[in-house]
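Asker: The structure is given below, and queries will be raised subsequently.
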Amino acid sequence: MNLTFTGVLMFMISSVLVNNYIFSRFLGCCPFLGVSSKVETATGMGIAVIFVMGLASLFTWLAYHYILVPLGLTYLNTIAFILIIASLVQFVEMFMKKSMKALYTALGIYLPLITTNCAVLGAAILNITEGYTLVEAVLNGVFSALGFLLAIVLMAGVRERLESSNIPNCLKGFPISLITAGLLSVAFMGFVGLGQ
């Protein structure tokens with residue numbers, strides 16, 4: 001990646017729109033479907049994922065290159081990455097519990113589930129497999145999390161509108177959510193080729 005303004009902008013467009021973790025890579029679908037019923041809750045979850053994914057990209061890259069590689073323990077990268085992500089999620093959970101009680105309650109079980117969110121782990125592993133530098137890894141984590149935020153807020157906005165829509169009974173609830181997610185995914189396929 002070229003670290004000029006244009007290079008970073010194209011990397012952001014690629015991470016947010018073209019290679020969106022939800023609509024293109026299909027990672028992080030559990031919180032995407034579980035927390036996207038209200039825009040406020042979805043925004044809170046997206047911001048928490050940005051924080052965790054950005055820091056996880058930083059710490060996992062450092063742990064891989066400065067601990068696992070020198071010790072010849074690269075085969076333990078998944079376990080090490082999960083431990084780092086779990087620690088970060090615990091920090092976010094404690095922070096939200098003290099300072100944002102309403103959002104903490106609204107997120108419920110989905111906040112600790114960021115630990116097992118495959119999008120966060122996927123970003124950490126992708127940073128290694130793509131051979132990103134430290135700056136590129138952190139940018140990839142933050143930009144991919146911005147794509148997650150965009151996806152979950154879009155979905156929440158659509159689901160709020162669907163609550164007041166006339167939908168057949170057999171499609172109400174989860175079925176219409178899956179159909180909506182599929183249509184949004186198809187719409188995001190229109191960004192393929194952008195920035196190349």
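Asker: Let me spell it out: the conditions are (1) closer than 17 Å to residue 31 by Cα; (2) surrounded by 13 or more Cβ atoms within 10 Å (Cβ to Cβ); (3) of a type in the set (A, V, I, L, M, F, W, C), and residue 135 meets all of them except one. Which number is the exception?
Answerer: Result: residue 135 fails condition (1) only.
Residue-wise test of (1) surrounded by 12 or more Cβ atoms within 10 Å (Cβ to Cβ); (2) part of a helix (DSSP H, G or I); (3) within 19 Å of the chain's Cα centre (by Cα).
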{"position": "141", "(1), (2), (3)": "yes, yes, yes"}
{"position": "147", "(1), (2), (3)": "yes, yes, yes"}
{"position": "161", "(1), (2), (3)": "no, yes, no"}
{"position": "167", "(1), (2), (3)": "yes, no, no"}
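Asker: Related question: Scan segment 76-132 for residues that are within 20 Å of residue 30 (Cα to Cα) and aromatic (Phe, Trp, Tyr) and jot them down.
Answerer: 81, 104, 110
Asker: While we're on this one: Residues to consider are 133, 129; find the one that is farther than 22 Å from residue 37 by Cβ and either more than 19 Å from the chain's Cα centre (by Cα) or of a type in the set (A, V, I, L, M, F, W, C) (or both).
Answerer: Numbers: 129 fails: either more than 19 Å from the chain's Cα centre (by Cα) or of a type in the set (A, V, I, L, M, F, W, C) (or both).
Every option except 133 fails the conditions.
Asker: Another question about this same structure. If you scan segment 17-39, which residues turn out to be open to solvent by less than 20 Å² (accessible area, probe 1.4 Å), of a type outside the set (Ser, Thr, Tyr) and within 16 Å of residue 162 (Cα to Cα)?
Answerer: Selection gives 35 alone.
Asker: From 119, 124, 63, 106, grab the single residue that is more than 25 Å from residue 38 (Cβ to Cβ), aliphatic (A, V, I, L, M) and touching a residue at least 60 places away in the same chain (Cβ under 8 Å). Spell out the reasoning first.
Answerer: Working: 119 fails: more than 25 Å from residue 38 (Cβ to Cβ); 63 fails: touching a residue at least 60 places away in the same chain (Cβ under 8 Å); 106 fails: more than 25 Å from residue 38 (Cβ to Cβ).
Testing whether each residue is more than 25 Å from residue 38 (Cβ to Cβ), aliphatic (A, V, I, L, M) and touching a residue at least 60 places away in the same chain (Cβ under 8 Å) leaves just 124.
Asker: Now, a different point. Taking the stated definitions as given, is residue 181 touching a helix residue (DSSP H, G or I) at 6+ places or on another chain (Cβ under 8 Å), under 18 Å from residue 50 (Cα atoms) and open to solvent by less than 50 Å² (accessible area, probe 1.4 Å)?
Answerer: Criteria not met by residue 181.
The values are calculated or read from the model by the stated rules, or taken from the named source; none is laboratory data. Here the structure is a predicted model, which means the values were calculated and not measured. Positions of Cβ are backbone-derived with ideal geometry, glycine not excepted, and every protein chain shown enters the neighbour counts. Only protein heavy atoms, including side chains, enter the accessible area calculation; ligands, DNA and RNA are left aside. Shrake-Rupley method; radii C 1.70, N 1.55, O 1.52, S 1.80 Å.
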